Amino acid sequence: MLKKEKYNVAVVGATGAVGRRMLAILEERNFPVARVLPLASARSAGQTLPFKGEELLVKELNRDSFRGIDIALFSAGATISREYAPIAVSAGAVVIDNSSAFRMDKDVPLVVPEVNPNAIGPRPGIIANPNCSTIQMVMVLKPIHDRFRIKRVVVSTYQSVSGSGQKAVNELTRQAEEVLHDRPVQKQIYPHPIAFNCLPHIDVFLDNGYTKEEMKMVNETRKILEDETIRVSPTTVRVPVFYCHSESLNVETEKPISAGEVRDLCARFPGIVVVDDPANNRYPLALDATGRDEVFVGRIREDISVENGIHLWVVSDNLRKGAALNAVQIAECLHNR
Ligand code: A2P
């Protein structure tokens, strides 16, 4: 992609939970756009979406959608990405893909701009946006790994329903009303009620007993931190929260580590905010992080059960830093280099 003053940007899945935020963030950050083309399924063609005081007409995605497009942001699921991202690249666009379709491909960079911007090569075709749970975790692991060398991470996630799309947000709202009014609970998105419940099950189960979501966190972390020796063991849990994922991290390092040093390293890392004042009930919360761009870290404390270990609580807006914001930041990397 040639550097330009302004770019033609397509957003695939523009009507979805992440796609709408992609449009909002392109506008908020004043990304230099010449034209923005919102694409979705035939169901949404003809709808309009707001952008910079105008109403943009949603078009149906097809094989000709990418003519004249410089940057295509994809967030319509892996099947759509697998089919249409190569078509967009052939048409001359750089694809920034929020799905899991290409993340582990050897030739596709997997990028968090604060962590590994140099993974983007000179002539990128597809650039992958990592999984939302991975992004907020590696933001915190990066400064710790650089200073103390991480040996092992045990992580439990508390993931909001918006990670499953707008329909899951609607399902939690509806089920909460059904429970409170003593009506039968209807399930569409999850195999069990999500209202007033926690489901230790995100994505499909694999032969090793982990879920696909959990193995994404393992493999993507190693790729982004460029270290195949880091051992990661996740348990991913869906909780009845609308927005923001929370994560409990336990990190074991080669070198001696202290809570004070980790607090300082995190405070200095771009995009991280330390909220760590338990005496005054101050720690990161999903409700406080909703709509925010930063990754919030707190409950930083030394692990009393191992020699070099640290605990952290990490919260971020999964639709923003976990998806749409990270994608727009990648586009900014392309523009600024
Ligand atoms: P649509 O609204 O027309 O169904 P979410 O993750 O919030 O469910 O959003 C998914 C996004 O992916 C929506 O914008 C949705 O469009 C889009 N999408 C789903 N299936 C297709 C398809 N076959 N072609 C193009 N876009 C699709």
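The values are calculated or read from the model by the stated rules, or taken from the named source; none is laboratory data. This one's a predicted model, so the numbers in the text were calculated from it and none came from an experiment. So basically every Cβ, Gly included, is an ideal-geometry build from the backbone, and we count neighbours across all protein chains shown. Accessible surface is based on the protein model in full, side chains and every heavy atom, while ligands, DNA and RNA are left aside. Shrake-Rupley method; radii C 1.70, N 1.55, O 1.52, S 1.80 Å.
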Residues in segment 76-102 that are among the basic types (Lys, Arg) and either outside the structural domain of residue 16 (by TED's automatic domain parsing) or touching a helix residue (DSSP H, G or I) at 6+ places or on another chain (Cβ under 6 Å) (or both): how many? 0
Only one of (1) more than 21 Å from the chain's Cα centre (by Cα); (2) of a type outside the set (Phe, Trp, Tyr); (3) surrounded by fewer than 18 Cβ atoms within 10 Å (Cβ to Cβ) fails for residue 227. Which number is that? (1)
Condition first: in a helix (DSSP H, G or I), away from the ligand (no atom under 16 Å from the Cβ) and open to solvent by less than 10 Å² (accessible area, probe 1.4 Å). Now tell me which residues in segment 144-173 satisfy that. 144, 145, 148
Conditions (1) open to solvent by 20 Å² or more (accessible area, probe 1.4 Å); (2) more than 14 Å from the ligand (Cβ to nearest atom); (3) in contact (Cβ under 8 Å) with a residue 40 or more places away in the chain -> residue 50 fails only (3)
Please go through segment 137-173 and pick out each residue that is in contact with a helix residue (DSSP H, G or I) (Cβ under 6 Å, 6 or more places away or on another chain) and either outside the structural domain of residue 261 (by TED's automatic domain parsing) or free of Cβ contacts under 8 Å to residues at least 40 places away in the same chain (or both). 168
Selection over segment 237-278 where residues are assigned to a loop (DSSP other than H, G, I, E, B), open to solvent by 50 Å² or more (accessible area, probe 1.4 Å) and of a type in the set (A, V, I, L, M, F, W, C) yields a count of 1
Residues satisfying the stated conditions in segment 279-304, i.e. part of a strand (DSSP E or B) and closer than 18 Å to residue 243 by Cα: 295, 296, 297
Are there any pairs with C-beta distances below 7 angstrom linking a residue in segment 5-18 that is closer than 13 Å to residue 95 by Cβ to a residue that is aromatic (Phe, Trp, Tyr) and more than 6 Å from the ligand (Cβ to nearest atom), with the two at least 6 apart or on different chains, and if so which? 10/66; 12/74; 12/84; 13/74
With the requirement that a residue be of a type in the set (D, E, K, R) and either part of a strand (DSSP E or B) or touching a Ser or Thr at 6+ places or on another chain (Cβ under 8 Å) (or both), what does segment 92-126 give you? 97
For segment 38-47, name all the residues that are in contact (Cβ under 8 Å) with a residue 12 or more places away in the chain and within 10 Å of the ligand (Cβ to nearest atom). 38, 39, 40, 41, 42, 44, 45, 47
When every residue in segment 79-108 that is more than 20 Å from residue 22 (Cα to Cα) and surrounded by 16 or more Cβ atoms within 10 Å (Cβ to Cβ) is compared, the one farthest from the chain's Cα centre (by Cα) is 91
Residue selected from segment 1-18 under the condition open to solvent by 10 Å² or more (accessible area, probe 1.4 Å) and more than 11 Å from the ligand (Cβ to nearest atom), by the criterion nearest to residue 46 (Cα to Cα): 8
Within segment 61-71, track down each residue that is in contact with a Lys or Arg (Cβ under 9 Å, 6 or more places away or on another chain) and either within 13 Å of the ligand (Cβ to nearest atom) or more than 19 Å from residue 93 (Cα to Cα) (or both). 65
Quick check on segment 19-37: of everything there that is open to solvent by 20 Å² or more (accessible area, probe 1.4 Å) and assigned to a helix (DSSP H, G or I), which residue is farthest from the ligand (Cβ to nearest atom)? 28
Pick from 184, 122, 193: which is more than 16 Å from the ligand (Cβ to nearest atom), open to solvent by 30 Å² or more (accessible area, probe 1.4 Å) and not assigned by TED's automatic domain parsing to the domain that holds residue 256? 122
Given the structure, is residue 212 of a type in the set (Lys, Arg), out of contact with any Asp or Glu (no Cβ under 8 Å at 6 or more places or on another chain) and surrounded by fewer than 20 Cβ atoms within 10 Å (Cβ to Cβ)? no
Residue 218 vs. criteria β-branched (Val, Ile, Thr), without any contact (Cβ under 8 Å) to a residue 40 or more places away in the chain and open to solvent by 70 Å² or more (accessible area, probe 1.4 Å): no
